[in-house]
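Structure, as structure tokens:
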Amino acid sequence: MSTIAQTFKETARRLTRDLRHRSLIQNALGKYYVGRDEKKGRFQNWQEARQAAAEIKWEAVNHLDTYLQEFVKKIEARGTKVFWASTGQQACDYIVEVAKKHRVRSIVKSKAMTGEEIHLAQALEKSGVEVVESDLGEYIVQLREEPPYHIVFPAMHLTRHEISDLFNKKLGSAPTDSPEELTMIARRTLRKKYCAADMGISGANFAVAETGMISLTTNEGNGRLSTSLPRIHVALIGIEKVLPTLDDLALFLPMLATVGAAQMLSCYNTLIGGPRQEGEADGPEEFHVVLLDNGRTRLLADAEQRDTLHCIRCGGCLNVCPIYKNIGGHTYATTYMGPIGSVLTPHLRGLMEWKHLSFASSLCGACTEACPVKIDLHHHLLQNRRNAIRCKSPWWEKLIFQGFVILMNRPLLYRLGVKFGWFGQKFHGLIKGTKIDPMYAWTQSREAPQLALHTFKDYWRRRQS
Amino acid sequence: MSEREQILGRIREALRVAAPKPGLLSGPGQRVPAHEKRPTDFKPWLPAVGDSFDERAALFAKNSAELKTDFQLVANRNELQDKLLALAHAEGWKKIATHAGEMTNFAFAALGLPVLQTGARYNLSELESCDAGITECDALVAQTGSVVLTTRSAGGRALSVLPPHHVVLAHRDQLLRDLPAAFAALKNCYGSNYPSMMCLITGPSRTGDIERILVLGAHGPKKLTVFCM
């Protein structure tokens, strides 16, 4: 087993037994479920809306070359500089270069999972630029020097007391147990950063091909500020984010808000189609759009799992996943966690190193049901398992199944086996639950079921006679 | 070959194998058959909105209450002036920021306070020190309680998000039914020459990042007031 998988198993085992962790997650998600269902109920037909969203995404992803070119043509026409990056490294290098060219000293970043994916902040910091995360949750985890816990709720694993201690230690603020106070401390600190920043970095939730605009969703207004005040704006966007038309947002924005944060619409949905235009009061002098491939075309080539690229990063599948709820976000050790992360990561970082995520699933299908764009997540987990076995099937498993085939094809042998099993089980008690028990994985915390001396077949024969 | 051509090449290569359309797969939640053409009319699925002005106004008011937006219908300019003065007095405004426009011009004349105009280039720290930003807008959306504005209709990008209180002045005929109508209005108004920023603002700035407890005014305005005349 790879060390990544080993660490995953160990952390998962520890956290599933951690009652404090469980209550934090339950507290965060309990409120979410109520709000989400209430908002879903306001739709006249949620299932039809999902189907429409899935079909629009299908159209965009399956004609990606056409829509991407349309998007680029339109957004360049208003003076935007577009950079195509095959790898994360290329994207980082380009953005560092832009920062250097403009003598950028400080950057405010609004939440972008693509940035996490390519470790953009680290690359910029290494080149000597200060990067401040401006989303409150992201800012908190940045101060703690750890990755986000959730795609949408980055600091959901922390209590107000922990955050107060953190602010006290890092910012020198007075301790408080009021979330309002804590938010205001962050607001005051970050305001100064906004006003002083030379560059703003954002991601995008959607890229509208028809009009050449990026769509950016935030609740706090950090997306607005970091794209308004600094003189340069860089948007880092996965190539799969395109939507065909502006009108499509009328469907996608409320769906994203409903599943993502249990809102009818997020507070700020901003469309940006260029740098400051002639006659406008403000806005950045330069606007760069970096289009990121970084493994996405590899996933696109897998027609079976291509719909994974429909993902709008709402985090809805994490919120309903029994695995995520038990093991939490950091255990995955990936950029994208939860079911979508388990499906996506093997494609982005290699199947054999990350296949364990696809095995860590109950296959309950809650993720597929929750997905607003109907990604067939739990079947993709199964397909990853199949692909992993095809690459390298474990010899012992093959042996067991060969034995199973022999046993099942020979009724006499089967009957003998059952009787022998009943007999053999008498001695199981000697090693049951210990490390030398071949059933250890099961018996360490559960009772093993007893084999019956009289099988159904015996019973049936007796009844017939 | 440029990076652009390489990426596009990989995309075309990948798309040579067709993927099944959504809805044609088997499994739970996948039984709805795919439509012939890509759906474009979302009205039948999005939240319902009544047709008359009163129904729209009632829904906007209900959504505003939920979002903690202060929504006020005013009959005429006199009433607007009274309400603005009351607001300025209650919050002790010393300086306001606004942009040139028919309604905003009236508002700042009515208030008689020192004013920063963001029409031309302005000083950022001066805008930051203003007590309120007063803007016009492109539309109000009853369905979601949103304000639609652009750099052109609302005096740039920062005016509507930097001051602690954002006051929106709207006309009665700007109150639209739903989101499809809002996007249609933007298309109709700006057509081929879009402003560099367009925004749907739905309530004052908010966060739930600390224990999922709602706090207003995370980075943007703590208060949002919408006057509809």
For chain B, modelled as a GNM with alpha-carbon contacts under 10 angstrom, which of B:E13, B:E79, B:E66 fluctuates the most?
-> B:E13
Order of A:C371, A:C364, B:C228 - criterion: other Cβ atoms within 10 Å of each residue's Cβ, fewest first = A:C364, B:C228, A:C371
When Cβ neighbours within 10 Å are restricted to other protein chains, what is their mean count per residue of peptide A:43-51?
-> 5
Taking Cβ-Cβ under 4.7 Å as the only way to count a partner, pick out the unpartnered cysteines of chain A.
-> A:C92, A:C195, A:C267, A:C311, A:C314, A:C321, A:C364, A:C371, A:C391
Partner shielding of B:79-87, taken as the mean number of other chain Cβ atoms within 10 Å, equals 0
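To the nearest whole number, what is the average tally of beta carbon atoms from other chains within 10 Å of the beta carbons of peptide B:219-226?
Values: counts 21, 11, 2, 2, 0, 1, 0, 0.
Partner-chain Cβ atoms within 10 Å, mean over residues of B:219-226: 5.
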Rounded if a/c under 1.5, otherwise prolate or oblate - chain B, Cα gyration tensor axes = prolate
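Taking the Cβ of each residue in A:Y268, B:Y122, B:Y194 as the centre, tally the other Cβ atoms inside 10 Å and list the residues starting with the fewest.
Values: A:Y268 27, B:Y122 18, B:Y194 24.
Exposure proxy ranking, most exposed first: B:Y122, B:Y194, A:Y268.
Report the relative contact order of chain A, percent, no decimals, based on alpha-carbon pairs under 8 angstrom and at least 6 residues apart. Walk me through the numbers on the way to the answer.
Numbers: 702 pairs, mean separation 84.5, N = 465.
Computed value for chain A: 18 percent relative contact order.
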B:V167's amide H: which non-local residues (gap 5+, or another chain) put their own amide H closer than 5 Å, with H modeled 1.01 Å from N in plane and none for Pro or chain starts?
-> B:G133, B:I134, B:T135, B:T225
Fluctuation leader among B:P163, B:P22, B:P39 - chain B, Gaussian network, Cα springs under 10 angstrom = B:P22
Using Cα positions and a limit of under 27 Å, work out the lysines in reach of A:K192, with same-chain residues fewer than 8 apart set aside.
-> A:K100, A:K101, A:K109, A:K111, A:K126, A:K169, A:K170, B:K68, B:K94, B:K95, B:K222, B:K223
Distance between the range A:399-449 and the range A:4-43 - C-alpha centres, whole angstrom = 36 Å
If one computes the Cα centroid of the range A:283-355 and of the range A:182-208, what distance in Å separates the two points?
-> 24 Å
Dipole axis of the range A:43-294 (+1 Lys, Arg; -1 Asp, Glu on Cβ), positive-most option in A:T183, A:Y149, A:L251 | A:T183
Relative contact order for chain B using alpha-carbon pairs under 8 Å, separation at least 6, rounded to a whole percent?
-> 21 percent
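Rounded, prolate or oblate: which one fits the protein assembly as shown, using the alpha carbon gyration tensor with axes a ≥ b ≥ c (rounded when a/c is under 1.5, else prolate when a/b beats b/c, else oblate)?
On the way: a/c = 1.94, a/b = 1.91, b/c = 1.02.
Note, shape of the protein assembly as shown comes out prolate.
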Once a ≥ b ≥ c are taken as the square roots of the eigenvalues of the Cα gyration tensor of the range A:388-465, is the result rounded (a/c under 1.5), prolate (a/b larger than b/c) or oblate (a/b not larger than b/c)?
-> oblate
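Tell me the relative contact order for the range A:136-228 as a rounded percent, counting alpha carbon contacts under 8 Å between residues six or more apart.
Working: 70 pairs, mean separation 14.9, N = 93.
Taking the mean separation of contacting Cα pairs over the length of the range A:136-228, I get 16 percent.
So how do A:L357, A:L68 line up by other beta-carbon neighbours within 10 Å, fewest first?
Values: A:L357 27, A:L68 24.
Final ranking by Cβ density, sparse to dense: A:L68, A:L357.
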Give the calculated FRET efficiency between A:E397 and A:Y459 to the nearest 0.05, with a Förster radius of 51 Å applied to their Cβ-Cβ distance.
-> 0.95
Cα centroids of the range A:211-238 and the range B:96-166: how far apart, whole angstrom?
-> 20 Å
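Since every read-out is calculated from the coordinates, none of them should be taken as a lab result. Remember, it's a predicted structure, so these values are computed and weren't measured experimentally. Don't worry about glycine lacking a Cβ; one is built from the backbone with ideal geometry, like all the others, and counts go over all protein chains shown.
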